[in-house]
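> Sharing a structure below in structure tokens format, with a few things to ask.
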Amino acid sequence: MAGLGSAMKYAYSNTRVKAMESKLIRKDALERMLAAKEPESIAAMLLQTDYKADVEKLGGVKAMDTLIDFALSSNQGRETSKLISIAPKDQRSLIVAVAGIWDIGNIKIALEAASTGKDFSDISRYLIESQYARPETIKEAMASKNVEGVLEKLMLKTPYSAQIKQAMDTYKKTGSAAEASGALERAYYVRLGATIGRLAMIDPEAAALIRKRIDMRNILTLLEAKKHGSDFAHVSNYLFQNGSLDSIKLEALFRTGRTPESLAENVKIFNLKKAVEEYRESKTKPLLIFEIAIMNEVFASALRGVRHSVLSFGVLIAFLYLKEIEVFTLRVLMKGKGYGLSNDEIRGMISWLK
């Protein structure tokens with residue numbers, strides 16, 4: 001009977017998700033985009049995809065790179081809203097909790113912009129059409145022209161008042177927008193982690209995917225700490241519970257290496273072997289190498305979730321990440337071509353495509 005109950009509960013939403021998944025850009029089309037010589041050619045190819053209406057609305061093939069960013073954000077926001085609307089009513093809050101990363105991202109961008117005297121026009125291209133902290137909401141808040149004013153307005157206009165209050169308190173205490181931004185992100189991950197228990201009861205595979213996202217944040221935090229010579233007592237305040245590694249295992253991992261690459265070599269939950277090699281060969285040593293490697297692995301897990309799961313809540317969570325994969329990949333392709341990167345350099349940032 002339990003199987004029948006799941007079939008009835010998820011039949012509609014999973015059927016809709018499969019239809020949405022069928023409109024995602026396929027590997028062969030992404031390969032053609034990778035072979036394009038300039039961003040305009042990629043924009044033309046987008047007119048043959050589900051992004052057509054978004055690109056045409058903002059100027060079509062001749063649209064500037066900035067406007068293509070808007071088109072991608074608009075499409076991602078619309079698909080996320082659609083996903084929330086088709087989820088079983090008693091489980092929509094779980095989708096909203098996961099998708100909240102884009103709301104938090106928009107708030108962080110506004111916070112950092114306000115602290116450096118930037119206007120809405122300076123950041124609008126980087127904003128996602130998220131569920132609550134939408135670009136128009138950010139624009140209204142940024143009329144305040146200062147960090148505290150922006151945060152106060154967003155506390156009233158979004159359901160993240162508790163998280164934003166933590167950022168506000170941190171800013172008042174430290175005067176640092178970076179510290180406030182960190183507090184905001186930590187509050188999001190605490191909220192996300194609180195959903196794990198309920199999610200694990202509904203769908204263990206979906207919970208595992210969320211744990212991977214938390215693991216990603218924790219591993220990157222450890223790598224950042226190693227690069228800047230921080231001790232574990234300091235970094236422990238920035239780690240999150242409910243990932244695959246508890247605080248004891250994270251501390252043990254932290255103590256295994258003196259440098260980012262030596263620590264990365266001891267990470268078992270993600271395969272960072274190639275990333276370690278690239279990091280060692282790099283003159284500038286950007287931790288972005290590790291972030292991209294981990295992100296691609298999380299994306300690959302999501303791809304398997306949508307393609308192989310049947311009638312489950314996990315299909316909805318996996319699609320949310322799949323859409324993120326697609327938009328992330330398209331941005332890498334557009335930016336890479338715009339900056340004159342080689343195809344091999346671009347492919348290295350989207351290794352899940354291999």
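> I'd like to know if the stretch 61-74 contains one or more residues that are open to solvent by less than 20 Å² (accessible area, probe 1.4 Å), at negative phi and free of Cβ contacts under 8 Å to residues at least 24 places away in the same chain.
yes
> Here is a follow-up. List every residue pair whose Cβ atoms sit under 6 Å apart, with the two residues 6 or more apart in sequence or on different chains, where the first one lies in the stretch 155-167 and is among the basic types (Lys, Arg) and the second, anywhere, is open to solvent by 10 Å² or more (accessible area, probe 1.4 Å).
Lys157/Thr137
> In addition: Among the numbered criteria (1) closer than 30 Å to Ala207 by Cα; (2) among the β-branched types (Val, Ile, Thr); (3) assigned to a helix (DSSP H, G or I); (4) in contact with an Asp or Glu (Cβ under 9 Å, 6 or more places away or on another chain), which one does Ile84 miss?
(4)
> For the stretch 220-273, give me the residue count where each residue is touching a residue at least 24 places away in the same chain (Cβ under 8 Å), of a type in the set (D, E, K, R) and either touching a helix residue (DSSP H, G or I) at 6+ places or on another chain (Cβ under 6 Å) or farther than 23 Å from Gly193 by Cβ (or both).
Selection size over the stretch 220-273: 3.
> Next question, about the same structure. Which residues, taken from the stretch 194-213, are farther than 19 Å from Val315 by Cα and in contact with a helix residue (DSSP H, G or I) (Cβ under 7 Å, 6 or more places away or on another chain)?
We begin by selecting, within the stretch 194-213, every residue farther than 19 Å from Val315 by Cα; these are 194.
Within the stretch 194-213, none qualify.
> Take the residues in the stretch 84-108 that are of a type outside the set (Ser, Thr, Tyr), free of Cβ contacts under 8 Å to residues at least 40 places away in the same chain and open to solvent by 40 Å² or more (accessible area, probe 1.4 Å), then tell me which one is nearest to Gly314 (Cα to Cα).
Going through the stretch 84-108, the residues of a type outside the set (Ser, Thr, Tyr) turn out to be 84, 86-92, 94-108.
From what's left, free of Cβ contacts under 8 Å to residues at least 40 places away in the same chain: 89-90, 92, 96, 102, 105-106.
Restricting the remaining residues to those that are open to solvent by 40 Å² or more (accessible area, probe 1.4 Å) gives 89-90, 92.
Working: Lys89: 15, Asp90: 15, Arg92: 13 Å.
Taking the candidates together, the pick is Arg92.
> Find the residue count for the stretch 261-277, including only residues that are surrounded by 17 or more Cβ atoms within 10 Å (Cβ to Cβ) and either touching a Phe, Trp or Tyr at 6+ places or on another chain (Cβ under 7 Å) or in a helix (DSSP H, G or I) (or both). Outline the logic, then answer.
Initially, the stretch 261-277 is screened for residues surrounded by 17 or more Cβ atoms within 10 Å (Cβ to Cβ), giving 261, 263-264, 267, 269-270, 272, 275-276.
Adding the requirement that they be either touching a Phe, Trp or Tyr at 6+ places or on another chain (Cβ under 7 Å) or in a helix (DSSP H, G or I) (or both) leaves 261, 263-264, 272, 275-276.
Total meeting the criteria: 6.
> Here is a further query. Take Gly336 and decide whether it is assigned to a loop (DSSP other than H, G, I, E, B), modelled with pLDDT of 85 or more and farther than 21 Å from Arg92 by Cβ.
On the way: assigned to a loop (DSSP other than H, G, I, E, B): no; modelled with pLDDT of 85 or more: yes; farther than 21 Å from Arg92 by Cβ: yes.
Against the criterion (assigned to a loop (DSSP other than H, G, I, E, B), modelled with pLDDT of 85 or more and farther than 21 Å from Arg92 by Cβ), Gly336 does not qualify.
> Further question on the same structure: Looking only at the stretch 228-249, filter to residues that are part of a helix (DSSP H, G or I) and in contact with a Ser or Thr (Cβ under 8 Å, 6 or more places away or on another chain); which one of those is modelled with the lowest pLDDT? Steps first, answer last, please.
Step one: list which residues in the stretch 228-249 are part of a helix (DSSP H, G or I), which gives 232-238, 247-249.
From what is left, the residues that are in contact with a Ser or Thr (Cβ under 8 Å, 6 or more places away or on another chain) are 235-236, 238, 247.
Values: Val235: 89, Ser236: 88, Tyr238: 85, Ser247: 91.
Ranking the qualifying residues of the stretch 228-249, first place goes to Tyr238.
> Any residue that is modelled with pLDDT under 90, farther than 28 Å from Asn242 by Cα, open to solvent by less than 50 Å² (accessible area, probe 1.4 Å) and of a type in the set (A, V, I, L, M, F, W, C) - is there at least one of those in the stretch 141-158?
no
> Provide a single number: the residues in the stretch 233-243 that are open to solvent by less than 60 Å² (accessible area, probe 1.4 Å) and of a type outside the set (Phe, Trp, Tyr).
Residues that pass the stated criteria total 4.
> Inside the stretch 10-69, counting only helices (runs of 4 or more DSSP H) that do not spill past its ends, which hold 1 or more residues that are closer than 15 Å to Lys335 by Cβ and at pLDDT 85 or above?
Values: elements: 27-35, 39-46, 52-57.
In the stretch 10-69, 27-35, 39-46 are the helices (runs of 4 or more DSSP H) which contain 1 or more residues that are closer than 15 Å to Lys335 by Cβ and at pLDDT 85 or above.
The values are calculated or read from the model by the stated rules, or taken from the named source; none is laboratory data. The model shown is predicted, which means the values in this text are computed figures rather than measured ones. With ideal geometry, Cβ positions are generated from the backbone for all residues, glycine too; neighbour counts draw on all protein chains shown. Side chains are part of the model used for accessible areas, which takes the heavy atoms of the whole protein and leaves out ligands, DNA and RNA. Shrake-Rupley method; radii C 1.70, N 1.55, O 1.52, S 1.80 Å.
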